[in-house]
């Protein structure tokens, strides 16, 4: 048994095989999680729930899995400290690459600051890391690369903390609980990674390494379970931008109205009649241009007015912002409304109560 590990690799002894199996299982788990996120990302494309946060998690877990695989090779299958260190540097590069694209995707979708500050900070560190790795191939720089990678925690933890803070602030119930579990899972994963460091092994031996591996495995599972259905705060914000919805029957008659703030019907009738009259005037001005399935957006004071015309109805959404999410929402509502009331719409007699089920329909679409 080589008692001087990690200074005289590879790691050998009675615990070698169990550690090989445990740590390759962590690698496979990370890649499997990346595959799950990728499948979810592709499945949600062009839907109301589409988000780049799943692409971000793909990058993070791919980078993490590749890093752990490099560490696995370095610790168990390299015959010299020089070869081991080269694999470790490759692992640092994989982890940095995955994290960089994780930050890029998250901040691209829901930027924390107007100037994408976390992406720029990490990009600068990433470039320096690449330069150091190249230099290390020709010059012995000791543990400089390993020490430098510690700086990457600053923008990464900062962005994740900001992201989760906004989720917790804007959400409630199960979403808030899931956010807290993401924090717990991330903490366990980080502690597990730190527990695998050479300095920790020297101080506490292989028992601590098994414990660190356990923390990493549990941390991955907790993060995956809790973050799988976690929205970006932009997903939460766009729903807050919705004001009201109106369904106009052909000829300009108001058939149905929905107040997003009250999650259903109950708009003030006097105010509603004024609003509908204004919307009808706007609709008539576009009558020659509006076609079935074609979306139009108007600016009205500080509001955005979306029009989606079908065979019998025109759906109108009043919002405070222009968003691709709202485009998809109004199209889906128009399609599902006409499908649900396909028997009533051709010969509608003006009875608003026949559309009462639309309230639960819209609530289901928004959930």
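Nothing in this text is a laboratory measurement; each read-out follows from the coordinates by a stated rule. The model shown is predicted, which means the values in this text are computed figures rather than measured ones. A quick note on method: Cβ atoms are made from the backbone with ideal geometry, for glycine too, and the neighbour counts reach across all protein chains shown.
The table below gives the values:
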read-out	value
Pair residue 241, residue 108: separation of 7 Å Cα→Cβ label points (nm)	1.9 nm
Ranked list, fewest to most other Cβ atoms within 10 Å of each Cβ, for 259, 299, 349, 75	349, 299, 259, 75
Sorted peptide list for 22-29, 351-358, criterion being average Cβ within 10 angstrom, highest first	22-29, 351-358
Normalised alpha carbon radius of gyration of segment 16-232 [divisor 2.2 N^0.38 Å]	1.04
Sorted peptide list for 60-68, 157-165, 336-344, criterion being average Cβ within 10 angstrom, highest first	60-68, 157-165, 336-344
Förster-model FRET efficiency, 35 Å R0, residue 229 and residue 120, C-beta, rounded to 0.05	0.70
Förster-model FRET efficiency, 41 Å R0, residue 150 and residue 259, C-beta, rounded to 0.05	0.20
Spacing of the two label points (7 Å from each Cα toward its C-beta) at residue 177 and residue 343, in nm	3.9 nm
Taking 14, 360 and counting other C-beta atoms within 10 Å, the order from fewest to most	14, 360
